[in-house]
Structures are given as structure tokens and as C-alpha cells.
Amino acid sequence: MKPAPRGFTLLETLVALTILAIALTAAFRALGVATQSSAELRDRLLGDWIAENRLAELRATHVWPEPGSNEGQAVQAGRSYRWREEIRGTPNPLFRRADISVYSEDSGDHAIARLSGYVVKPLR
């Protein structure tokens with residue numbers, strides 16, 4: 001009598017394929033989340049740079065900004081962003097506070113970056 005051939009049954013093969021499919025689905029989902037997270041991180045980094053550039057511009061021009069709101073556009077890494085700054089007085093009359101918010105095209109009214117800093121009144 002010949003021994004029965006060794007191998008996997010159809011049921012064992014289907015169970016193995018099901019486990020493999022679940023594992024691959026989880027891996028692709030994790031890869032997608034990582035990719036999305038990387039894109040958001042890139043936007044936030046560019047937003048930080050725009051806010052820092054705007055604050056540096058206020059300081060470098062030696063202009064004494066009036067209290068109130070200003071808005072503008074900036075292009076960074078080939079993408080367009082909006083910035084909004086709020087200039088406020090401080091208890092010290094020689095300083096003004098600048099709160100800068102940056103928005104991407106996709107973020108709507110949700111700021112991707114915020115920065116606060118102070119501008120010193122230029123001596124004349």
C-alpha cells in the first residue's frame with residue numbers, strides 16, 4: 001500500500017491565504033497612514049517657515065506695525081499658502097506682539113502653523 005501524499009489540504013490553504021490577506025491589508029493601511037502623516041508634517045513645516053519669514057520680515061524692515069490684522073499670500077515649495085497676522089500692543093510701549101497664523105489651500109480655516117513674536121520700535 002502506498003502512503004498518502006503529503007501536502008496541504010484545500011482548507012489549510014484557504015486559511016493561510018486569508019491570514020496573508022489580512023496581514024497585507026493591515027500593512028498597506030499602515031503605509032497609507034504614514035504617507036498621509038508625512039504630507040501633513042511637510043505642510044506644517046512649510047507653514048512654520050512662512051510664519052518665521054513673516055516675523056523676520058517685520059523685524060528686518062524696521063517698520064513700526066500698527067495694531068490690527070493683515071493678510072497675505074506666500075509661495076513655499078511650489079505651493080500657495082495664506083497667512084494672517086494680528087498686531088497687538090503690549091504693556092511696554094516699545095514692543096508690539098505679532099501673532100501669525102498660516103493656512104494651506106486644503107486646510108480651510110484651520111491653521112497649520114502659528115507663531116507669536118515681538119517687534120521692537122525702531123530708534124530714530
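Which residues, taken from region 84-124, are in a strand (DSSP E or B) and of a type in the set (D, E, K, R)? Answer for region 84-124, where residues must be in a strand (DSSP E or B) and of a type in the set (D, E, K, R): ARG84, GLU85, GLU86, ARG88, ARG96, ARG97, ASP99, ARG114.
Taking the numbered list (1) surrounded by 11 or more Cβ atoms within 10 Å (Cβ to Cβ); (2) outside any helix (DSSP H, G or I); (3) of a type in the set (A, V, I, L, M, F, W, C) in turn, VAL75 passes all entries but (1).
Restrict the check to region 20-42 and report whether at least one residue is assigned to a helix (DSSP H, G or I), under 17 Å from the mean Cα position of the chain (by Cα) and either closer than 19 Å to SER116 by Cβ or of a type in the set (D, E, K, R) (or both). Looking through region 20-42, at least one residue is assigned to a helix (DSSP H, G or I), under 17 Å from the mean Cα position of the chain (by Cα) and either closer than 19 Å to SER116 by Cβ or of a type in the set (D, E, K, R) (or both). Taking the stated definitions as given, is SER80 of a type in the set (Ser, Thr, Tyr), exposed (fewer than 13 other Cβ atoms within 10 Å of the Cβ), in a strand (DSSP E or B) and free of Cβ contacts under 8 Å to residues at least 60 places away in the same chain? Yes; evaluated as a whole, the condition is true for this residue. For GLU12, are the conditions met, namely being out of contact with any Ser or Thr (no Cβ under 8 Å at 6 or more places or on another chain), surrounded by 10 or more Cβ atoms within 10 Å (Cβ to Cβ) and within 19 Å of VAL102 (Cβ to Cβ)? The answer is no for GLU12.
Each reported figure results from applying straightforward, stated rules to the coordinates on display, with no laboratory input. The structure presented is a predicted model; accordingly, all values stated were derived computationally and were not measured. Positions of Cβ are backbone-derived with ideal geometry, glycine not excepted, and every protein chain shown enters the neighbour counts.
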